[in-house]
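A.B. asks: Starting off with a structure, shown below.
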Amino acid sequence: MFPIRYDTWRHVFKLDPDRTIGDEALDKLCASGTDAIVVGGSSGVTFDKTVDLLSRIRRYEVPCALELSDPSLAVPGFDLYFIPMVLNTDRREWLIGHHVAALQHFGHLLPWESVAGQAYLVLNGDSTVARVTGANAAVSEKEAVAYSQVADRLWRVPVFYVEYSGTFGDMGLVRKLRDGLTQARLFYGGGVRTPEQAALAARSAHTVVVGNAVYERLDAALATVDAVHNTAAKEHDHVF
């Protein structure tokens, strides 16, 4: 049992330690009613930047998780640590290599009760995460379903993350992937910049992650919180 129930999260803000965010904006985000703040980025992230961002978030009661893509960024003090692995890459290090290397040195130090695996399916080939990890985003619907089954049924990874990173994705595909999962929770991230997009994503994914909008148009990003929660409440109350 994890001390933080990420399986109940519907809306999450994702903050990048390598991007600047003012105190007033951070205050609004942390007090917005979002279910959690996830800290992580694809490039330029350092230990010191991560420590600084965590210390500022810790002034609030909102749960805070770290996406731990590199062992050098293992900052203590987060409520939860997500360990990402990229499913659709040919580079072994992003699937299992970095993980094995890290555990040889730090495995005995990890708070395993607060660690959860994330199986990423990267579907925007122009994104930074695709370039960094060598992800092949040109996958068919059948391949996407197969990837989701590997994560959910074969590996039993608790979080299946569909990442369009900057581009609003195919919600029909996201919904199909979500409906096929048996135990994993589907996180969706990518291009959610308006309340309308947030509501669409909330109908298709278990958890909606809002990232870039925080830095581009804060008011719209804040409005996604109610959009997601209201959509989730309507679906919960709907009688079929």
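The values are calculated or read from the model by the stated rules, or taken from the named source; none is laboratory data. Remember, predicted model here, so these are calculated numbers, not experimental data. All Cβ positions, even for glycine, are placed from backbone atoms using ideal geometry, and neighbour counts span all protein chains on display. Calculation scope for accessible area: heavy atoms of the full protein, side chains included, ligands and nucleic acids excluded. Shrake-Rupley method; radii C 1.70, N 1.55, O 1.52, S 1.80 Å.
A.B. asks: What are the residue pairs meeting all of these: first residue in the stretch 30-56, first residue touching a residue at least 12 places away in the same chain (Cβ under 8 Å) and within 26 Å of Gly125 (Cα to Cα), second residue charged (D, E, K, R) and surrounded by fewer than 18 Cβ atoms within 10 Å (Cβ to Cβ), Cβ atoms under 7 Å, and 6 or more apart or on different chains?
C.D. replies: So the pair list comes out as Gly41/Asp18; Ser43/Asp18; Gly44/Asp18; Val45/Asp18.
A.B. asks: Just to be sure, is Ser204 at pLDDT 95 or above and closer than 16 Å to Thr8 by Cα? Working first, answer last.
C.D. replies: Details: at pLDDT 95 or above: yes; closer than 16 Å to Thr8 by Cα: yes.
Criteria met by Ser204.
A.B. asks: Could you pull out the residue among Arg58, Arg19 that is surrounded by 13 or more Cβ atoms within 10 Å (Cβ to Cβ), over 24 Å from Arg178 (Cα atoms), among the basic types (Lys, Arg) and out of contact with any helix residue (DSSP H, G or I) (no Cβ under 9 Å at 6 or more places or on another chain)? Walk me through it before giving the result.
C.D. replies: Values: Arg19 fails: out of contact with any helix residue (DSSP H, G or I) (no Cβ under 9 Å at 6 or more places or on another chain).
Answer to the check: Arg58.
A.B. asks: So, one more: Count, please, the residues in the stretch 107-139 that happen to be among the small types (Gly, Ala, Ser) and without any contact (Cβ under 8 Å) to a residue 12 or more places away in the chain.
C.D. replies: 1
A.B. asks: Quick check on my filter: what residues within the stretch 115-135 are surrounded by fewer than 16 Cβ atoms within 10 Å (Cβ to Cβ) and over 20 Å from Gly172 (Cβ atoms)? Before you say what the answer is, go through the steps one by one.
C.D. replies: Within the stretch 115-135, the first condition is being surrounded by fewer than 16 Cβ atoms within 10 Å (Cβ to Cβ), and the residues that meet it are 115, 125-126, 128, 131, 134.
Matches in the stretch 115-135: Val115, Asp126, Thr128, Arg131, Gly134.
A.B. asks: Taking the stretch 164-175 as the region of interest, how many residues are modelled with pLDDT of 95 or more and touching a helix residue (DSSP H, G or I) at 6+ places or on another chain (Cβ under 7 Å)?
C.D. replies: Qualifying residue count for the region: 5.
A.B. asks: I need the full set of residues from the stretch 95-146 which are among the basic types (Lys, Arg) and more than 21 Å from Ser72 (Cα to Cα), in order please.
C.D. replies: Start the filter on the stretch 95-146 by keeping residues that are among the basic types (Lys, Arg), which leaves 131, 142.
Result: Lys142, single match.
A.B. asks: Yes or no: the stretch 69-86 includes at least one residue that is closer than 26 Å to Val162 by Cβ, among the acidic types (Asp, Glu) and either free of Cβ contacts under 8 Å to residues at least 24 places away in the same chain or open to solvent by 20 Å² or more (accessible area, probe 1.4 Å) (or both).
C.D. replies: Here is the first cut: in the stretch 69-86, the ones closer than 26 Å to Val162 by Cβ are 69-71, 73-74, 78-86.
Okay, now just the ones that are also among the acidic types (Asp, Glu), so 70, 79.
If we keep only those that are either free of Cβ contacts under 8 Å to residues at least 24 places away in the same chain or open to solvent by 20 Å² or more (accessible area, probe 1.4 Å) (or both) as well, we get 70, 79.
Yes, because at least one residue in the stretch 69-86 is closer than 26 Å to Val162 by Cβ, among the acidic types (Asp, Glu) and either free of Cβ contacts under 8 Å to residues at least 24 places away in the same chain or open to solvent by 20 Å² or more (accessible area, probe 1.4 Å) (or both).
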